[in-house]
């Protein structure tokens with residue numbers, strides 16, 4: 001079987017302005033995933049603090065509902081932002097493959113974005129379970 005020339009495999013028609021295309025998407029994915037990973041860990045600490053606060057102070061029902069509602073809304077928004085990071089990483093990996101560019105940055109961005117997505121999925125699960133527990137006890 002004959003070797004396929006590189007010009008057939010790679011899109012070599014890209015201009016100099018597009019030469020960093022894959023790295024830019026990879027960097028965007030990596031930075032977004034890093035921020036969202038740290039934010040997920042911070043949200044876990046906030047959830048633990050919220051549980052302790054509700055058990056210790058016994059706040060008003062309306063205050064508890066507002067706290068749980070705001071926490072749930074922020075969690076869903078951050079969870080959606082991690083999906084944007086995964087998409088950016090995927091675009092970077094595909095661009096690196098198509099343009100025969102180095103793909104290390106997009107791959108690392110994609111892997112960290114998937115990790116951030118899994119962390120936020122567990123945060124969503126924790127928020128839902130927390131809400132169910134508080135509603136069973138009659139707090140919210």
Rounded to the nearest 10 degrees, the helix 61-99 long axis (Cα) sits at an angle to the longest Cα principal axis of the chain of 10 degrees
In cubic angstrom, how much convex hull volume per residue do the alpha carbon atoms of the chain span? 107 Å³
Under a Gaussian network model of the chain whose springs join Cα atoms within less than 10 Å, the largest fluctuation of 99, 58, 20 belongs to 58
Spatial separation of Cα centroids for the range 37-67 and the range 109-140, in angstrom: 13 Å
In a Gaussian network model over the chain where Cα atoms closer than 10 Å are linked, find which of 29, 122, 113 has the largest mean-square fluctuation. 122
Taking R0 as 30 Å, what's the FRET efficiency between residue 76 and residue 137 from their Cβ-Cβ distance, rounded to 0.05? 0.80
Could you work out how far apart the two model spin labels at residue 118 and residue 49 are, taking each label as a point 7 Å from the Cα in the direction of the beta carbon, and quote it in nm? 2.7 nm
Take the alpha carbon atoms of the range 47-109, find their radius of gyration, then divide it by 2.2 N^0.38 Å using N residues; give the quotient. 1.89
Could you work out how far helix 104-136 tilts from the main Cα principal axis of the chain, as a 0 to 90 degree angle to the nearest 10? 20 degrees
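Quick note: the coordinates plus some simple rules give every number you see, no bench work behind them. As the structure is a prediction and not an experimental result, all values here were calculated from the model. Every residue, glycine among them, receives a Cβ derived from its backbone with ideal geometry; neighbour counts consider all protein chains shown.
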